[in-house]
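Below: one structure, written as structure tokens.
The values are calculated or read from the model by the stated rules, or taken from the named source; none is laboratory data. This one's a predicted model, so the numbers in the text were calculated from it and none came from an experiment. Reconstructed Cβ throughout: ideal geometry from the backbone, glycine too, with neighbour counts over all protein chains shown.
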Amino acid sequence: MTNIRLPRAVCAVVGDILPLRGSHATLNSLFETAGAPGPPPSLSHASKWKDWLFRAGSDPSVDSLAVLGNVLEEFMDVRPKEDSDGFEDWKTNRDRVVKVLDENGFRYYRGGRVLPSGQTPGESYPSTAPSSHCAPTKPTEIDELLLILLKGLRRAMHPLTHRRKGAQALSFSTEYDVQDLLHALLRPWVADVRPEEFTPSYAGSSTRMDFLLPAHSLVLELKFVRDGNHAKKIGDELIIDIDHYRRHPKCDTLWCVVFDPDHLLSNAEGLKNDLEGRRSTKDGTVNVRFLVT
């Protein structure tokens with residue numbers, strides 16, 4: 001792990017281009033997934049991101065160059081079509097990033113890697129962080145593992161949708177696409193993952209759960225927001241699902257995960273407040289966790 005202070009000039013340039021990439025909620029998710037230390041600074045869109053990067057470079061427990069690389073990866077590696085309206089702006093801003101990194105002794109490599117000038121991705125560099133932070137922490141609880149995998153879904157998709165020349169790119173345009181990726185990410189960590197098991201009948205019907213993890217008495221339900229109309233119905237769909245899952249003998253905890261690639265949910269925080277928590281009726285009890293990614 002590197003504990004390198006990120007120069008303010010680098011933070012300023014990166015912080016200047018990032019607001020063009022999305023809303024507060026979108027960039028909050030990007031920074032959290034990249035490993036930036038929380039909570040997010042309570043600042044304006046224009047100041048928040050450079051301040052957060054600088055804070056990452058001042059925290060001895062954070063790999064500052066990894067955070068910077070993770071934040072920049074999609075912007076730097078995904079090249080717009082040259083005949084698109086945004087190509088020239090993207091090229092100008094990308095050149096700004098390359099220049100400020102070079103002026104401050106760094107270089108960006110494809111795949112979200114920022115290294116000191118003169119070093120290559122195959123080389124290692126000495127750590128100045130305490131030894132207790134020198135290795136990644138292995139998740140010890142299922143909730144910790146799920147947060148890592150779910151918040152990292154977009155990063156896991158990136159090398160599959162932007163593959164090397166000649167390799168067929170994968171698409172994640174449907175709910176099944178994202179569920180299959182999540183299933184693949186879960187399998188090395190969880191021995192028994194059961195997709196599409198039926199729930200007990202409720203109001204004359206039953207439903208298929210996406211993933212049951214019986215050893216943890218846990219169910220994962222993943223929704224893919226298809227369009228604006230569907231975004232308005234997600235809450236109602238999840239309320240019905242929760243009523244089903246309360247009756248399942250192996251479901252003590254339900255993770256409701258909403259994958260919203262186009263940021264169509266208008267009030268994700270309100271939805272979380274409405275759904276998350278312990279939900280009980282005479283038919284059973286389930287502890288609901290809610291996450292938008």
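The set of residues from the range 148-172 being in contact with a strand residue (DSSP E or B) (Cβ under 9 Å, 6 or more places away or on another chain) and surrounded by fewer than 14 Cβ atoms within 10 Å (Cβ to Cβ) is empty. Give the residues of the range 23-39 that are assigned to a helix (DSSP H, G or I), touching a residue at least 24 places away in the same chain (Cβ under 8 Å) and not charged (D, E, K, R), sorted by residue number. Scanning the range 23-39 gives 24, 25, 26, 29, 30, 31, 33, 34. On the basis of being aromatic (Phe, Trp, Tyr), without any contact (Cβ under 8 Å) to a residue 24 or more places away in the chain and assigned to a helix (DSSP H, G or I), does residue 49 make the cut? No: the conditions fail for residue 49.
Right, residue 101: buried (at least 17 other Cβ atoms within 10 Å of the Cβ) and among the hydrophobic types (A, V, I, L, M, F, W, C) or not? So residue 101 fits the description; yes.
Could you identify the single residue in 72, 20 that is part of a helix (DSSP H, G or I) and at pLDDT 85 or above? The conditions single out 72. Just one of the numbered conditions (1) surrounded by 10 or more Cβ atoms within 10 Å (Cβ to Cβ); (2) at pLDDT 85 or above is not true of residue 188: (1).
Checking the condition out of contact with any Leu (no Cβ under 8 Å at 6 or more places or on another chain), exposed (fewer than 14 other Cβ atoms within 10 Å of the Cβ) and within 16 Å of residue 104 (Cβ to Cβ), which residue from 79, 5 passes? Only one candidate qualifies: 5.
Every residue, every condition in (1) modelled with pLDDT of 90 or more; (2) over 28 Å from residue 291 (Cα atoms); (3) outside the structural domain of residue 26 (by TED's automatic domain parsing), yes or no:
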position: 122; (1), (2), (3): no, yes, no
position: 125; (1), (2), (3): no, yes, no
position: 130; (1), (2), (3): no, yes, no
position: 144; (1), (2), (3): no, no, yes
position: 184; (1), (2), (3): yes, no, yes
position: 195; (1), (2), (3): no, no, yes
position: 199; (1), (2), (3): no, no, yes
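Against the test of being within 20 Å of the chain's Cα centre (by Cα), modelled with pLDDT of 85 or more and of a type in the set (A, V, I, L, M, F, W, C), the options 286, 258 yield a single qualifying residue, 258.
Could you check how many residues of the range 46-76 are surrounded by fewer than 19 Cβ atoms within 10 Å (Cβ to Cβ), among the hydrophobic types (A, V, I, L, M, F, W, C) and under 21 Å from the mean Cα position of the chain (by Cα)? Final tally of qualifying residues: 2.
Of the residues contained in the range 215-236, none is found to be of a type in the set (Asp, Glu), in contact with a Ser or Thr (Cβ under 6 Å, 6 or more places away or on another chain) and surrounded by fewer than 18 Cβ atoms within 10 Å (Cβ to Cβ).
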